[in-house]
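The values are calculated or read from the model by the stated rules, or taken from the named source; none is laboratory data. None of these values were measured; they are calculated from a predicted model. Heads up, the Cβs are rebuilt from the backbone with ideal geometry, glycines too, and the neighbour counts pull from every protein chain shown. These area figures cover heavy atoms from the full protein model, side chains too; ligands, DNA and RNA do not enter into them. Shrake-Rupley method; radii C 1.70, N 1.55, O 1.52, S 1.80 Å.
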Amino acid sequence: MEVEPDLSQTFDVLVIGGGNAALCAAMTAASSKASVLLLECAPEAFRGGDSRHTRNLRYVHARANAFLTGPYDEDEFWDDLLRVTAGKTDEHLARLTLRESTDIGVWMEAHGGRFQAPLRGTLNLSRTNAFFLGGGKALLNAYYHTAQQLGVRIVYRAEVTDLIMRDGRCCGALVGSGDAARQVHARTVVVAAGGFQANIAWLKEYWGAAADNFLIRGTPYNTGTLLRVLLDNGAQPVGDPRQCHAVAIDARAPKFDGGIVTRLDCVPFGIVVNKQAKRFYDEGEDFWPKRYAIWGRIVAQQPDQIAYAIIDAKALGKFMPSVFPPIEAASVAELAGKLELDSAVLEQTLAAFNAAIRPGRFDPAELDGCATHGLDPPKSHWAVPLDTPPFLAYPLRPGITFTYLGVGVNERAQIVMHDGKPTPTMYAAGEIMAGNILGQGYMAGFGMTIGTVFGRIAGREAARHALS
Ligand SMILES: Cc1cc2nc3c(=O)[nH]c(=O)nc-3n(C[C@H](O)[C@H](O)[C@H](O)COP(=O)(O)OP(=O)(O)OC[C@H]3O[C@@H](n4cnc5c(N)ncnc54)[C@H](O)[C@@H]3O)c2cc1C
């Protein structure tokens, strides 16, 4: 059994957090011969933050390999980033991220990560993104093992509640609260403690009471305690505090940690109604990979933040189902009863939808010509009549993936303060600084890229400063 480290010593590098960014920082710092302590808020069984729910990451690579079907160069990556962020990115840091991502797959494998053959499916990522064998959980387990081999000392159930500041410099952290609080001293501190999406009270500051009905797709431990501490200590805020990445997930998912299997990808193949049994948005606006990330927000704007995706038997097998079975009925009226919706209104919604469909050739792989005519809101593609029993429904709620508010950093991952000056002893990596690069929008697999690149930079720079 692991012996609790001696916390009375002064560590070269203290890493706060236990996800991908934290582990990348800790392993890199330990490889530079720095003494490293990692404090993870979660118990060991739940270590790994949101990173353990991930499946893939994207990185620059010159050619196909066993895990990627073709090249992905810096220019194409940059174009993709510009498109999703609509230019809201720090070009200097963004280009650094892309450059430093070149072949991180090799580094990951050297630290225990394993990849699998490319996957096909709704997201079409096999050329740009490498998929982790065993998912994020296996990757994180491998990283913890490697970190320990490199001498990183790890404490679980160690919630950092404050930073120790002396003459404007961070020199350690407070673990726990009240009588149980302990001080830990370090020459440098890397904060990699995620966003604040698990803090419902904080979400309510921007979303009001609606946030009570949000489901959090990842860990309950990312409550933003460290983000608040850093901002209170004068760190420069970056990112829109009202922004969060939210997708539509199965309403039966647990409040936290439902992970990837609760996401619902059937929206383009049917209609979505609110609790008044009425449609409210174009379900076929564009390809699903380009639209799935707006549906959490759209559902959040509906009464009681609940909606129902409705398909018929023809749609089965065309999308990845969620872990929960659909609610099934032989007729629309019976389905309305099971969903506790007004059956007359639901029947009318379906009838109006079916009647508005222009003839076309249904093709899920194309922006096909199957659209409605004269219907508000329209359905622009993949509109086919819902007429073949059984009728099936999935309840939807907003599933929050992460928030965008973070702290400013420079190219050495040093945290930048209000006066624009970097701090020599405080570094940030991962979700807590991703807003520097992702001002808005998202592209699949980029969260892990930012965490890996900046985790490594933070670990390297913190160790260099501590040992100099
Ligand atoms: C369901 C789901 C699927 C996703 N899939 C992908 C994907 O396939 N590819 C991708 O790139 N991104 C994906 N993401 C986003 C990705 O998870 C994040 O971008 C990434 O994990 C962020 O890494 P991180 O290390 O910054 O944060 P995390 O991995 O969340 O780690 C934060 C850590 O900080 C700890 N912590 C928090 N507060 C404290 C405190 N006060 N004291 C001590 N420790 C603390 C937490 O316990 C946690 O261990 C997904 C997210 C979710 C929720």
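For the reader, a short list of remarks on this structure follows.
- As a ratio to 2.2 N^0.38 Å, the alpha-carbon radius of gyration computed for the range 159-291 takes the value 1.39.
- Projected label distance in nm at Y206 and Q116, using a 7 Å step from Cα toward the beta-carbon: 3.3
- Contact order normalised by residue count of the range 295-452, Cα under 8 Å, 6+ apart, percent: 23
- Here, the range 364-404 is characterised by an Rg to Rh ratio of 1.11, where Rg is the alpha-carbon radius of gyration and Rh the Kirkwood radius.
- Centroid-to-centroid separation of the range 262-323 and the range 433-455 [C-alpha atoms, Å]: 26
- Three-way shape label, the range 418-468, alpha-carbon gyration tensor, a/c 1.5: oblate
- Other residues whose C-beta falls under 15 angstrom from the C-beta of L133 contribute a net charge of +3, scoring Lys and Arg +1 and Asp and Glu -1.
- Dimensions of the range 106-187 from C-alpha coordinates, computed as largest minus smallest value along each principal axis and given longest first, are 52, 29, 25 Å.
- Each Cα pair under 8 Å and six or more residues apart adds its sequence gap; the mean of these over the residue count of the chain is a relative contact order of 23 percent.
- Within the shell defined by Cβ-Cβ distances under 10 Å, the residues around D50 carry a net charge of 0, with Lys and Arg each +1 and Asp and Glu each -1.
- Listed cross-link partners K88/K421; K290/K379; K314/K338; K278/K314; K255/K338; K33/K137 are compared with a 25 Å cut-off, the Cα-Cα value being larger for K33/K137.
- Between the amide H of I357 and those of H373, distances stay under 5 Å, these residues lying 5 or more places away or on another chain, with hydrogens modeled in the peptide plane.
- Simple Cβ-charge dipole of the chain, Lys/Arg +1 and Asp/Glu -1, about Cα centre, in debye nearest 20: 560
- Accessible-area value, V190, 1.4 Å probe, nucleic acids and ligands omitted, Å²: 0
- Membrane-span-like helices in the chain, defined purely by DSSP H runs whose alpha carbon atoms cover 24 Å or more axially and whose average Kyte-Doolittle hydropathy reaches -0.5, are 446-467.
- Using all pairs of distinct alpha-carbon atoms, the Kirkwood hydrodynamic radius of the range 259-366 works out to 14.8 angstrom.
- Amide H contacts under 5 Å for V152, placed H, 5+ residues apart: none
- Dimensionless Rg over Rh [the chain; C-alpha; Kirkwood]: 1.01
- Once the Kirkwood radius over Cα pairs is known for the range 6-162, the Stokes-Einstein relation at 4 °C and 1.567 mPa s delivers a diffusion coefficient of 76 µm²/s.
- The Cα trace of the range 354-468 gives Rg and Dmax of 24.1, 74 Å, the first to one decimal, the second as a whole number.
- Longest to shortest principal axis, alpha-carbon extents of the range 221-265, angstrom: 41, 20, 13
- Relative contact order, percent, the range 190-326 [alpha-carbon distance under 8 Å, six or more residues apart]: 26
- Computed from the Cβ-Cβ distance with R0 of 41 Å, the FRET efficiency linking D79 to K338 stands at 0.35.
- For the chain, accessible area per residue (1.4 Å probe, heavy atoms of protein chains only), Å²: 40
- Share of carbon and sulfur in the accessible heavy-atom surface of the range 103-262 [1.4 Å probe, %]: 48
- Taking 0.36 nm per residue of separation and subtracting the Cα-Cα distance, full extension of the segment from Q183 to N354 would add 55.0 nm.
- Across the range 316-392, counting alpha-carbon atoms alone, Rg and Dmax equal 13.7, 36 Å.
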